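Have a look at the structure below, then the notes.
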Amino acid sequence: MSEIYISTDVETDGPAPGLNSMLSLGAAAFQIGGLMVDTFSINFQQLEGAVPNPVTMKWWSTQPEAWEACRQDQVEPGEAMRRYCAWIKKLSGRPVFVAYPVGFDFTFVYWYLMRFIGKSPFGFSAVDIKSLAFAILDLEYREIGKKTLPSRWKQNVRQHNHVALDDAIEQGQFFCAIMQEARQLRGVTS
């Protein structure tokens, strides 16, 4: 079975899962050739006992449209993760988690999966888009950011707006552009 690349973005009220809550999760499933095959989006009720981080909440005050988007139609966290897993299960292919940065988004998603589902449909399969770009670009790792990515990877890419689904699609488009170039560099044509 081929792989399906699930670009996932989360919005949170702080930096640490469990201490803070995931507010929204957006995901876009891509085939390796760049075709987006499906999307998923859900907003979460905050975790009982978790406390919003003051620095994060100050940042959210500068993003009123995104804040409003992630507070609509909130679902209990366990139910939200069951829906996410059901969506992944119906996709054709072995799921691979993709994010920018994977160290943040995967940490939250994995914690919620373990807490509410008891297992992960990804195992530990997670691709960091920044690391993928680092492997191709002649830059130091910390020099790489969305602003320093080559314009050829940014063509027809959505604008980052901190709405989880929009940002997941944006990340997936970056991932596919980078993978296409990586495959060309290796001489892979399909």
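The values are calculated or read from the model by the stated rules, or taken from the named source; none is laboratory data. Owing to the predicted nature of the structure, the values given are computational and were not obtained by experimental measurement. Note that each Cβ is placed from the backbone with ideal geometry, even for glycine, and that neighbours are counted across all protein chains shown.
In the stretch 133-174, which residue that is of a type in the set (G, A, S) and out of contact with any Asp or Glu (no Cβ under 7 Å at 6 or more places or on another chain) is surrounded by the fewest Cβ atoms within 10 Å (Cβ to Cβ)? Break it down stepwise before answering.
Residues of the stretch 133-174 of a type in the set (G, A, S): 133, 135, 145, 151, 164, 168, 172.
When the remaining residues are screened for being out of contact with any Asp or Glu (no Cβ under 7 Å at 6 or more places or on another chain), the result is 133, 135, 145, 151, 172.
Numbers: A133: 25, A135: 9, G145: 11, S151: 6, G172: 28.
Going through the qualifying residues, I end up with S151.
Quick check, is R152 over 26 Å from I42 (Cβ atoms) and in contact (Cβ under 8 Å) with a residue 12 or more places away in the chain? Please lay out each step first, then the result.
Values: over 26 Å from I42 (Cβ atoms): yes; in contact (Cβ under 8 Å) with a residue 12 or more places away in the chain: yes.
When the stated conditions are applied, R152 passes them.
For the stretch 74-132, enumerate the residues that are in contact with an Asp or Glu (Cβ under 9 Å, 6 or more places away or on another chain) and of a type in the set (F, W, Y).
W87, F97, Y100, F106, F116
Residues are listed down the side, and each one gets a yes or a no for (1) at pLDDT 85 or above; (2) farther than 28 Å from V109 by Cα:
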{"site": "A135", "(1), (2)": "yes, no"}
{"site": "I144", "(1), (2)": "yes, no"}
{"site": "V157", "(1), (2)": "no, no"}
{"site": "Q180", "(1), (2)": "yes, no"}
{"site": "L185", "(1), (2)": "no, yes"}
